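The values are calculated or read from the model by the stated rules, or taken from the named source; none is laboratory data. Since the model is a prediction, treat every value here as computed from it, not as a measurement. Methodologically, a virtual Cβ is constructed for each residue, glycine included, from the backbone with ideal geometry; neighbour enumeration extends over all protein chains shown.
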Amino acid sequence: MISNLSTNHSFIQTNPAHDQKTLIPICIGDVRHIKTLQKNVFPKLFHIINENTLTTSYPNGTCRSNHNGTHSARQARMLEIWLELIQKEQQNILKTFTEEELLYLQLGAYFLRAGRIDESSHLDSNPDDYYTRSALIFEAYASQLQASKETVAWIKWLLINSCKPKGIRDPLIDLDPKAKFAWDSLTLVHELDLIRCYSQSRIDTINKPYLKEIVSSYFKEKADLIVEDFFHFSKKLCEATGCYRSYDQHPGNHLLFFECSMNGKKCWEIVTHTTLKESS
């Protein structure tokens, strides 16, 4: 349900939280003037999303300072670079995608976990469904941009199932190579940015082996090198946005982080100037 409050934004009343009664209102910026999604509108679009929707505070008053628009920008940028690598070396899978689907997959990466209201997970006994809330936020923006209903519905479905293990995610994902590649891509970029909040021992023993398994599906002989390259790229993106890293206790740059957190346009421009250095 979307109710217009002004010419600049609206609110969506999103899915129930833990108690199955509380609806969480989410502010949605007006992006109808952008009309069609293209890469050249990302700075303007991400600025509006960052300003209206992405927040560092949870409804209970707690704050996770590095789970905001910088997180979104890093994920979207990593997905962009991942797709460029696929295009360069493994083009066949991309031939099954339309240009619209690839653009909205990148937009979907920007909204991964945008609907978080706490730190619960699917492993908890009574978790919040931030997966669906993130997908609803994506839908509220994407539906303003003249995308086909089929593309919006497909990316929404992927976001609802994003990063969930077998047995939890929709089994249809694993039966469709195209859907599995899109799911793998979203999972890859989310896992890579976890260096901001997980220790090196956790990353090296759990996250890296998991990502090597995913990357091996597309780059069998180079999987180890590619994963290392992308973790290095993730570190560079954290540094570029001033983000603290639990991975190696890097303190970040508080002033830069604040600026990137408040200015979605500048944050996107910064991450787009951050590049991947591939291993030889």
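Scanning segment 83-102 for residues that are under 23 Å from L276 (Cα atoms) and in contact (Cβ under 8 Å) with a residue 12 or more places away in the chain yields L83, L85, I86, E89, Q90, I93, L102.
For segment 165-217, taking the residues that are buried (at least 16 other Cβ atoms within 10 Å of the Cβ) and charged (D, E, K, R), the one that is farthest from L94 (Cα to Cα) is identified as R196. The conditions of being closer than 23 Å to N8 by Cα, more than 14 Å from the chain's Cα centre (by Cα), of a type in the set (S, T, Y) and buried (at least 21 other Cβ atoms within 10 Å of the Cβ) are not met by Y110. How many of the residues making up segment 148-167 are closer than 17 Å to L79 by Cβ and not in a helix (DSSP H, G or I)? Summing the residues that are closer than 17 Å to L79 by Cβ and not in a helix (DSSP H, G or I) in segment 148-167 gives 2.
Answer with yes or no whether F42 is within 21 Å of F257 (Cβ to Cβ) and either touching a residue at least 24 places away in the same chain (Cβ under 8 Å) or hydroxyl-bearing (S, T, Y) (or both).
yes
Contact map, segment 113-126: residues that are closer than 24 Å to L54 by Cα and surrounded by fewer than 16 Cβ atoms within 10 Å (Cβ to Cβ) paired with residues that are of a type in the set (K, R) and modelled with pLDDT of 85 or more, Cβ distance under 8 Å, separation 6+ or inter-chain. Pairs shown: H122/K164.
Okay, residues lined up against (1) assigned to a loop (DSSP other than H, G, I, E, B); (2) in contact with a Leu (Cβ under 6 Å, 6 or more places away or on another chain); (3) aliphatic (A, V, I, L, M):
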site	(1), (2), (3)
Y218	yes, no, no
D224	no, no, no
V227	no, yes, yes
E239	no, no, no
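Residue-by-condition table, conditions (1) more than 20 Å from I34 (Cα to Cα); (2) more than 16 Å from the chain's Cα centre (by Cα); (3) assigned to a helix (DSSP H, G or I):
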{"position": "N50", "(1), (2), (3)": "no, no, yes"}
{"position": "H67", "(1), (2), (3)": "yes, no, no"}
{"position": "E101", "(1), (2), (3)": "no, no, yes"}
{"position": "G115", "(1), (2), (3)": "yes, no, no"}
{"position": "Y131", "(1), (2), (3)": "yes, no, yes"}
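Can you tell me which residue within segment 17-48, out of those that are surrounded by fewer than 16 Cβ atoms within 10 Å (Cβ to Cβ) and in a strand (DSSP E or B), is farthest from the chain's Cα centre (by Cα)? If we take residues in segment 17-48 being surrounded by fewer than 16 Cβ atoms within 10 Å (Cβ to Cβ) and in a strand (DSSP E or B), then L23 is farthest from the chain's Cα centre (by Cα). In segment 111-124, is there at least one residue being modelled with pLDDT under 90 and among the hydroxyl-bearing types (S, T, Y)? Checking segment 111-124: at least one residue is modelled with pLDDT under 90 and among the hydroxyl-bearing types (S, T, Y).
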